[in-house]
Amino acid sequence: MRPDPTVGGAPARLADRGAWWALVVLGLVLVVLAAAWVPWSTPGLHGAAVHPTPAADFGAAALARDERFHAALRPWTYPRVAIVLVVTLVLGLTPLGARLVRRCGRLLGGSWSVTVVAGVVVLTVISTLVALPLSVGAELVLRRYGLSTQEWGGWTVDLLRNLAVSAAVTSLVLLALQAMARRWPRGWWAPASAAAALLVVVGSLLYPVLIEPLANDFRSMPAGPQRTALLDLARRDGQPVRDVLVADASKRTTTENAYVSGFGATRRLVVYDTLLRKATPREVEVVVAHELGHVANHDVRTGTTLGAVGAAWAVVLLALLARGRWWRRRSGIDGDGGDGVGDPRAVAALLAAFALGSILSAPVSNVVSRRIEARADVHALVLTRDAPAVADMQRQLATSDLSDLQPRWYRELLFETHPSPPWRVAMARSWAQQRGLPEPGG
């Protein structure tokens, strides 16, 4: 490893001080952007309170079915999250993970880059295997309730594809991170935080082009009244799209969805074939109006910018945490100067840090997501001026997708990226009441 003159003495203290300042400044930028861009109060309600009435809007039978489904699914999903996290932390915060990564690297020649890739692949496979029985159990529940239409062959192919993509992306990220840490053992956080922010932006731009086609096949919606109505809706909203595509989601699931993907010349409206089969043309327009709300309100820009700043902040925080003695003691890294982040044996510790950071940041990102989704609901109401259709579509989506109709506070905090369906129906009712428009029925 090339020595760095900033290791030790006044230059080292200066580098640490710079990291602390970067952490504070990036944190302030994140707070300011979130305050300015995230709709913390629901627009268009003029301060009116929203009072969900699940029993009145969905009925006892729907609530009972929803409760049975989630009661059957939770024993598989919650333990899966917990077990993967525990295994990742045990491997990352004990010498066991470092020894495993080193042994894998030695088997393949011992170079630092090969050790990083081998470590990532092995640790990713371990996480997948320990979760596999629970993933199978969750899939069986989804099939029992009609939400999954896959055969086991297709399910396995998806599992392996996701594993390969995850291992490849993680390997590239860690190779870049460790290359910087090996070049600048004390000040690696500066270029790494900039690279993390850039990665979020590039990922947001390339995801529709590179990743989406791996999961689904897309075809242009045939010419006809539905296509014309959707293109007209986008044009009327001032958000023209290049094409309307139909995704073959039915080969995996019965859930219904639509979204607007891409930027500028690549922007297209994507509609699940399941939505076209189950919903009326008006209901499809309501869903699309919601998705157009994300475009009109620049929600992709908001999410990408917040994600980029948040990623940079997290890298600086990681650098400061790695300064502590616990990093070497817990991870089994005895480093030579710097903080040991450039040591390929640190792969397990870095993956543990990423996993823990993801769990800890989920409540904040979910709150932001729910507020943004609520604003898109209001956009659909303004664009269609049809609160009954918006409410009916929410009921159908909730029934078809078996959404959690009465999530407990901790489930909402950790897992829910959208407002609950009863809240969304009640919000549509409040919006219509304030404008003297027809209200959704119960």
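The numbers here are math on the coordinates, done by the rules we state, and not lab data. What you see is a predicted model; the values in this text were computed from it and never measured. Reconstructed Cβ throughout: ideal geometry from the backbone, glycine too, with neighbour counts over all protein chains shown.
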Karplus 3J(HN,Hα) series, Hz, for the stretch 41-48 with 6.51 cos²θ - 1.76 cosθ + 1.60 (x for Gly, Pro): 10, 5, x, x, 9, 6, x, 5
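What full-extension length gain, to one decimal in nm, is calculated for Leu160 and Arg106 as 0.36 nm per residue of separation minus the Cα-Cα distance? If you can, show how the numbers build up before the last one.
Details: separation 54, 0.36 × 54 = 19.44 nm, distance 2.54 nm.
Stretched out fully, the Leu160 to Arg106 stretch lengthens by 16.9 nm.
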Tensor-based shape of the stretch 256-316 (alpha-carbon gyration tensor, a/c under 1.5 rounded, otherwise prolate or oblate): prolate
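Take Val368, Val130, Val120 and order them by how many other Cβ atoms sit within 10 Å, fewest up front. List each step's numbers first, then the result.
On the way: Val368 19, Val130 15, Val120 26.
Exposure proxy ranking, most exposed first: Val130, Val368, Val120.
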Gyration tensor (Cα) of the chain, equivalent ellipsoid semi-axes in angstrom: 43, 25, 21
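Beta carbons within 10 angstrom, averaged per residue: use that to sort the peptides 108-117, 283-292, highest first.
Numbers: 108-117: 16.3, 283-292: 24.6.
Final packing ranking: 283-292, 108-117.
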Directionally averaged projected area (convex hull, Cα atoms, the stretch 163-318), nm²: 10.6 nm²
Prolate/oblate/rounded label for the stretch 152-213 (Cα gyration tensor, a/c 1.5): oblate
Helix-only [θ]222 nm of the chain, DSSP H runs n ≥ 4, -39500 (n - 2.57) each, per residue, nearest 500: -24000 deg cm²/dmol
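List every DSSP H helix in the chain whose Cα atoms extend 20 Å or more along the helix's own long axis and whose mean Kyte-Doolittle hydropathy is at least 0.5. Present the calculation step by step, with values, prior to reporting the outcome.
Working: long enough: 9-37 (42 Å, 1.39); 54-92 (49 Å, 0.65); 112-144 (47 Å, 1.65); 152-183 (46 Å, 0.83); 189-206 (25 Å, 1.89); 281-296 (22 Å, 0.31); 299-321 (32 Å, 1.42); 347-384 (51 Å, 1.13); 387-401 (21 Å, -0.30); 421-435 (22 Å, -0.99).
Helices passing the filter in the chain: 9-37, 54-92, 112-144, 152-183, 189-206, 299-321, 347-384.
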Percent antiparallel among DSSP beta bridges (both partners in the chain, rounded to 5): 65 percent
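Determine, from the Cβ-Cβ distance of Val90 and Leu214 and an R0 of 30 Å, the FRET efficiency 1/(1 + (r/R0)^6), rounded to the nearest 0.05. Intermediate results must be reported in sequence, preceding the final value.
Details: r = 31 Å, r/R0 = 1.04.
Calculated transfer efficiency: 0.45.
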Packing-based ranking, highest mean first, of 407-414, 53-60, 240-247 given that Cβ atoms within 10 Å are counted: 240-247, 53-60, 407-414
The chain, relative contact order in percent, only Cα pairs under 8 angstrom and at least six apart counted: 27 percent
Cut-off under 5 Å, modelled amide H: who pairs with Thr253 long-range: Thr149
GNM top mover of Asp248, Asp386, Asp217 - the chain, alpha-carbon springs below 10 Å: Asp217
Approximate spin-label separation Leu129-Ala71, in nm, with each point projected 7 Å along Cα-to-Cβ: 3.6 nm
Charge context of Thr254, other residues only, Cβ under 14 angstrom, K/R +1, D/E -1: +1
